[in-house]
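Reviewing the structure listed below.
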Amino acid sequence: MAAINDVVIKIGTVNGTGSASANGLLRKAIFRMGIPVVGKNYFPSNIQGLPTWYEIRVTRDGYQARSDRVDIMVAMNAQTYAKDMTDVTPGGWLVYDSTWPRNQLLDREDIIVVGIPFSRMCNEHFDGVRTRILMKNIAYVGAIAALLDIDLEVIKELLEETFAAKQHMIASNMDAIHLGYDFAIENVACPLPPKVERMDATSDQVVIDGNTASALGCVYAGATVGAWYPITPSTSLMDGFRSFCAQYRIDPESGKRTYAIIQAEDELSAIGMVLGASWMGARAFTPTSGPGISLMSEFIGYAYYAEIPAVIFNVQRTGPSTGMPTRTQQSDILCCAYASHGDTKHILLFPSDPYECFTMSVQAFDLAERLQTPVMVLSDLDIGMNDWMVPEFEWDEDYVHDRGKVLSADDLEEMEAFYRYLDVDGDGIPYRTLPGTHPKGSYFTRGSGHTALGAYTENAADYQEVVDRLLDKWETARTHVPEPDIAYSTFNKSAILTVGSGNGACKEALDRLGKQNVGLNYCCVKAFPFGESVKDFIEKHEVIYVVEQNRDAQLRTLLILDCDAAPDKIVSLLHYNGIPLNAGFVVQKVLEEISKGRAA
Amino acid sequence: MTYIKKPGIVHPSLPKNKLGLTSRDYEGAVSTLCAGCGHDSVTAAIVQAVFELDIEPHMLAKMSGIGCSSKTPAYFVQQSHGFNSVHGRMPSVTTGANAANRNLKYIGVSGDGDSLSIGAGQFVHAIRRNINMCYILENNGVYGLTKGQFSASADIGSKPKKGLPNQQEPIDPVSTALSLGATYIARSFSGDKAQLVPLIKGALVHDGFSLVDIISPCVTFNDHDGSTKSYAHTRQKDHHVVDIDYIAPAGEITTAYDEGSAMPVELHDGSKIMLHKVDSTYDPTSRAIAFKYLRDRFNAGEITTGLLYLNDSRKEMHDLMGNIDMPLADLPMQSLRPAKGELEKILKRYR
């Protein structure tokens, strides 16, 4: 049930009508009142004219996942009115635009329906079609403010910040806010029981999407070359990088750019550019999604074998094939782990929220250069494009980026000879040289068979020496990748294990299960290959509920392959309909398994 | 095999360039291509061109894709980094490398299979971006490594060793590049080193994308009677238009050409290439004329060689983007992150 500072508002509108900024205003106002809040987009693969929803979860407990309730539905789109009404949780409210009569047949006894004539009020008050449409959105923000007791001064403050350069917009937007607000105050018993009350839980927090956070991470990682081909849901990552670079990457002396963003003709080319730039010593990256990974696979295998750093962001969407481009999933885990033909395997990082998107961006470049191999950061649409409340990012001014084993001109001058693929240090990682450094550093980079000395080979032993050494490097990688997040609540023999965006829902589920006296331990993996701590965690438990967002239990497969985990103790809880995971699903599935006789 | 070392004996009488290096210093591993392969002649011409331009070996990057042509960067300038990439993707790797370091000279070696089929998209877009590189297309109309299938540049009526003649329209890289606005377009013949070396030198010095399409007969699969890319056919049908001689800014090589028919064109770096008009009506700065000329000669069954088009006014990729002169790869990490305190300011937007 909804309660004070625990309420879910879902707003149904038409995409392309400017509702995103109104929804952002509402979400920010609640955040500014010190109350934890998250926002989720449910949008069509379309530019303008189709239904879209935004869900604001006010969560005093600071949960990150989608809720399984809709306490207040704002049904602004007549096209989806019937469906929107059925989505309201019993005991909830539905707000609709009463300018036009609604079909009485679509009534529900167990919810309260509030009609507010948004269109009529805005048509009477504002001129111009575009303005009227935009202001109608702002008016519903005003109505919600009244229903939930949101401080109008906070809304005004936000509008003043947004329209600092367009003062007249502040007044007109506040007029629209008051149209909705005043009507609600006069006609509805405001505030509703699940209202908001000021808290002090957001002062060290931000609300940000994962793609923006990754882009900011790329800036702090010192990336200078970004090559990409636009694809939903990764596009906003490069958009973010471009806008940060426009501000922070202009050489003060010449006014020229210290970065290159290249929109490639396709993903085949984007990854080729990344390899060329990384080979030359720049930090280079490409953001993409599943279909892009399929196209890049040939070069990913090349980079693995020729040992070239590369950072690839895969903001996963619903597959297979084109799938549902604007829905989320974690269904590229196996495809990325083993991308390309031949014996290949790749380092994967799994951020579970935008905070980790920021930190893992920096880590990804360090690992790629340290280990001279592609590193893929696997977020998903839920993390990448939704608004998460996370702690403020920090940057340690003393941080030294790990540029890996790169020989300088002085190093080469002193050396007798340089051999590209020789394991000098015994950690499986050879030394590399950058073009343009020194004539002694030259070598021929190739995807064909090569010896430890870097020469072409078709010799059995020489070939095998190099691919075996790559396995040594893989074991070194295992000790370099981020550790899992492990929590023992009450030590027992069962646990939940998840990955990436499953973290929020699973942590909330652990709380709920705990209240029902089902105590489970917890592990959220952060990287592949899995470290010793993941192996150890699996060994310690008799039953592990692996929660992941794909049909085929890909994380489970990877655990079995990489950790020698016993298949029969891993129980898969799979959620793969494209909607972000919620705690209710996890709780229900765990309880079902327990009732079937699985130990808890 | 490429790991066989050439003997390291250098005759004292070999001429040296400004760096004190001989042409032997610009050689690579022993070629593994078939004896008599046109590509080996191109390799020799590249060695000569790079030697004569006094390019420091480590300041050259050798890029390629897959195929017979793409193996050749192993056979020249041993002391340069080479990147033998995947099929048809040399342009993208070169684009990225060049984006990271604009100070190096880039020579990409490709073939008709690599550039005109799987790599057609990348070839086209490298031209559009005007990447500062010398793109050598060793064109023999046939797939050698897979034993003699037609490539997309095979002429209608070309006969394979076995099977039926080609019936599909060929893709002509020169006309393609011309239509896309490439800024330096040349064609030559692997057996004509006198023409080829200056064309490659001009291409290396040109500030932007330069294509050198080189008819390079395949002795094993496409040098028989009936082939339109055989030695015999090419020698018979070759039609020189414009020969050039590269002139360094210092102006050392100035003679040996008839000045009355010479047309000097100043390049970006201040150096000049001298255009020799075999046909005095030909103007290599006009795309319209180039198109017509190529078509007329093609209809007459002739292969036009020489410098066919030159445009030195268009900016190369970095200048189009407004990039700093220094290589991006050389920028110190501290200079690449926002100043202290900026992160807090950025995060304010998300509060």
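The values are calculated or read from the model by the stated rules, or taken from the named source; none is laboratory data. Keep in mind that what you see is a predicted model, and the values were worked out from it rather than measured. Virtual Cβ from ideal backbone geometry, glycine too; neighbours counted across all protein chains shown.
I'm checking my understanding of the structure. Among residues of segment A:462-494 that are part of a helix (DSSP H, G or I) and basic (Lys, Arg), which one is nearest to A:His541 (Cα to Cα)?
Among them, the one singled out is A:Arg478.
Condition check: more than 28 Å from the chain's Cα centre (by Cα), surrounded by fewer than 21 Cβ atoms within 10 Å (Cβ to Cβ) and either at the interface with another protein chain (Cβ under 10 Å from one of its Cβ atoms) or among the charged types (D, E, K, R) (or both). Does A:Asp398 satisfy that? Even if it seems obvious, please write down each step before you answer.
Details: more than 28 Å from the chain's Cα centre (by Cα): no; surrounded by fewer than 21 Cβ atoms within 10 Å (Cβ to Cβ): yes; either at the interface with another protein chain (Cβ under 10 Å from one of its Cβ atoms) or among the charged types (D, E, K, R) (or both): yes.
Here the answer is no, as A:Asp398 does not meet what is asked.
If A:Val274 passes every condition in (1) of a type in the set (A, V, I, L, M); (2) assigned to a helix (DSSP H, G or I); (3) closer than 23 Å to A:Gly319 by Cα but one, which one does it miss?
(3)
Matching residues to (1) more than 24 Å from B:Ala120 (Cα to Cα); (2) surrounded by 21 or more Cβ atoms within 10 Å (Cβ to Cβ):
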site: A:Arg257; (1), (2): yes, no
site: A:Ala264; (1), (2): no, yes
site: A:Gly276; (1), (2): no, yes
site: A:Pro291; (1), (2): no, no
site: A:Ser294; (1), (2): no, no
site: A:Pro309; (1), (2): yes, yes
site: A:Asn314; (1), (2): yes, yes
site: A:Arg317; (1), (2): yes, yes
site: A:Ser321; (1), (2): yes, no
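Out of the residues in segment A:413-440 that are more than 19 Å from A:Trp279 (Cα to Cα) and among the hydrophobic types (A, V, I, L, M, F, W, C), which is farthest from the other protein chains (Cβ to nearest Cβ)?
A:Val424
Please enumerate the residues belonging to segment B:310-324 that are surrounded by fewer than 19 Cβ atoms within 10 Å (Cβ to Cβ) and at the interface with chain A (Cβ under 7 Å from one of its Cβ atoms). Don't jump to the end; show me each part of the working.
Step one: of segment B:310-324, the residues surrounded by fewer than 19 Cβ atoms within 10 Å (Cβ to Cβ) are B:311-315, B:319-322.
Correct list: B:Met321, B:Gly322.
Quick check on segment B:206-220. Is at least one of its residues farther than 26 Å from B:Pro91 by Cβ and surrounded by fewer than 24 Cβ atoms within 10 Å (Cβ to Cβ)?
yes
The conditions are (1) surrounded by fewer than 17 Cβ atoms within 10 Å (Cβ to Cβ); (2) over 16 Å from A:Ile30 (Cα atoms); (3) not charged (D, E, K, R), and A:Leu152 fails exactly one of them. Which is it?
Answer for A:Leu152: the failing condition is (2).
Please go through segment A:76-97 and pick out each residue that is at pLDDT below 95 and either among the small types (Gly, Ala, Ser) or out of contact with any Lys or Arg (no Cβ under 9 Å at 6 or more places or on another chain) (or both).
A:Asn77, A:Ala78, A:Gln79, A:Thr80, A:Ala82, A:Lys83
Do any helices (runs of 4 or more DSSP H) lying entirely in segment A:344-461 carry at least 2 residues that are at positive phi, and which ones are they? So that I can check it myself, show each step before the final result.
Details: elements: A:354-371, A:381-385, A:409-414.
Where helices (runs of 4 or more DSSP H) fall fully within segment A:344-461, none carries at least 2 residues being at positive phi.
Kindly list the number of the only condition in (1) within 30 Å of A:Ala284 (Cα to Cα); (2) at pLDDT below 95 that fails for A:Ala213.
Result: A:Ala213 fails condition (2) only.
Table: residues versus (1) crowded, with 24+ Cβ neighbours inside 10 Å; (2) in contact with a helix residue (DSSP H, G or I) (Cβ under 9 Å, 6 or more places away or on another chain).
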| residue | (1), (2) |
| --- | --- |
| B:Ala152 | no, yes |
| B:Asp155 | no, no |
| B:Lys161 | no, no |
| B:Asn166 | no, no |
| B:Leu180 | no, yes |
| B:Ser190 | yes, yes |
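Quickly run through segment A:454-482 and pick out the residues that are crowded, with 17+ Cβ neighbours inside 10 Å and within 13 Å of another protein chain (Cβ to nearest Cβ).
Within segment A:454-482, A:Gly454, A:Ala455, A:Tyr456, A:Thr457, A:Asp462 meet the criteria.
Could you please find all residues in segment A:200-242 being within 25 Å of B:Ser92 (Cβ to Cβ) and of a type in the set (Ser, Thr, Tyr)?
A:Ser214, A:Thr224, A:Tyr229, A:Thr232, A:Ser234, A:Thr235, A:Ser236
Mind listing whichever residues of segment A:45-62 are out of contact with any Pro (no Cβ under 7 Å at 6 or more places or on another chain) and surrounded by 15 or more Cβ atoms within 10 Å (Cβ to Cβ)? Even if it seems obvious, please write down each step before you answer.
The initial filter retains those residues of segment A:45-62 that are out of contact with any Pro (no Cβ under 7 Å at 6 or more places or on another chain), namely A:46-49, A:53-58, A:61.
Those that are out of contact with any Pro (no Cβ under 7 Å at 6 or more places or on another chain) and surrounded by 15 or more Cβ atoms within 10 Å (Cβ to Cβ): A:Trp53, A:Tyr54, A:Glu55, A:Ile56, A:Arg57, A:Val58.
Between a first residue in segment A:459-472 that is in the same structural domain as A:Gly428 (by TED's automatic domain parsing) and a second residue that is acidic (Asp, Glu) and not in a helix (DSSP H, G or I), which pairs have beta carbons less than 6 Å apart while being 6 or more apart in sequence or on different chains?
Filtered contacts from segment A:459-472: A:Arg469/A:Asp423.
Quickly run through segment B:325-349 and pick out the residues that are in a loop (DSSP other than H, G, I, E, B), free of Cβ contacts under 8 Å to residues at least 12 places away in the same chain and either more than 8 Å from chain A (Cβ to nearest Cβ) or out of contact with any helix residue (DSSP H, G or I) (no Cβ under 8 Å at 6 or more places or on another chain) (or both).
B:Met326, B:Leu331, B:Pro332, B:Ala339, B:Lys340, B:Gly341, B:Arg349 - these are the residues of segment B:325-349 that are in a loop (DSSP other than H, G, I, E, B), free of Cβ contacts under 8 Å to residues at least 12 places away in the same chain and either more than 8 Å from chain A (Cβ to nearest Cβ) or out of contact with any helix residue (DSSP H, G or I) (no Cβ under 8 Å at 6 or more places or on another chain) (or both).
If I go through segment A:174-202 residue by residue, how many of them are in contact with a Phe, Trp or Tyr (Cβ under 7 Å, 6 or more places away or on another chain) and in a helix (DSSP H, G or I)?
Number of matching residues: 1.
Which condition breaks for B:Ser158 when tested against (1) at pLDDT below 90; (2) within 18 Å of the chain's Cα centre (by Cα); (3) outside any helix (DSSP H, G or I)?
Looking at each condition in turn, B:Ser158 falls short on (2).
Need at least 3 residues that are in contact with a strand residue (DSSP E or B) (Cβ under 9 Å, 6 or more places away or on another chain) and within 14 Å of chain B (Cβ to nearest Cβ) per element, so show me which strands (runs of 3 or more DSSP E) inside segment A:1-119 make the cut, counting only ones lying wholly within it.
In segment A:1-119, A:37-42 are the strands (runs of 3 or more DSSP E) which contain 3 or more residues that are in contact with a strand residue (DSSP E or B) (Cβ under 9 Å, 6 or more places away or on another chain) and within 14 Å of chain B (Cβ to nearest Cβ).
Would you check if there is a residue in segment A:258-270 being under 19 Å from A:Ser340 (Cα atoms) and more than 13 Å from chain B (Cβ to nearest Cβ)?
Within segment A:258-270 (the criterion being under 19 Å from A:Ser340 (Cα atoms) and more than 13 Å from chain B (Cβ to nearest Cβ)), the answer is no, since none of the residues qualifies.
Out of A:Arg132, A:Arg242, I need the residue that is basic (Lys, Arg) and outside the structural domain of A:Gln48 (by TED's automatic domain parsing). Which one? Steps first, please.
Values: A:Arg132 fails: outside the structural domain of A:Gln48 (by TED's automatic domain parsing).
From the options A:Arg132, A:Arg242, the qualifying one is A:Arg242.
Mind telling me which of the residues A:Asn550, A:Asn503, A:Asn521 ends up being among the polar types (S, T, N, Q) and within 30 Å of A:Gly342 (Cα to Cα)?
Only one candidate qualifies: A:Asn550.
Kindly list the number of the only condition in (1) basic (Lys, Arg); (2) within 23 Å of A:Ile544 (Cβ to Cβ); (3) at pLDDT 95 or above that fails for A:Lys473.
With respect to (1) basic (Lys, Arg); (2) within 23 Å of A:Ile544 (Cβ to Cβ); (3) at pLDDT 95 or above, A:Lys473 is out only on (2).
Can you tell me which residue is surrounded by the fewest Cβ atoms within 10 Å (Cβ to Cβ) among those in segment A:159-184 that are modelled with pLDDT under 95 and of a type in the set (S, T, N, Q)?
A:Gln167
Could you count how many residues in segment A:245-273 are in contact with a Gly (Cβ under 6 Å, 6 or more places away or on another chain) and hydrophobic (A, V, I, L, M, F, W, C)?
2
Of all the helices (runs of 4 or more DSSP H) wholly in segment B:38-115, which have at least 3 residues that are more than 8 Å from chain A (Cβ to nearest Cβ) and in contact (Cβ under 8 Å) with a residue 12 or more places away in the chain? Full working, then the answer.
Values: elements: B:38-52, B:68-71, B:90-100.
The helices (runs of 4 or more DSSP H) meeting that bar are B:38-52, B:68-71.
Just to be sure before I move on: is B:Ala44 at pLDDT 95 or above and more than 30 Å from B:Ala99 (Cβ to Cβ) in the structure I sent?
yes
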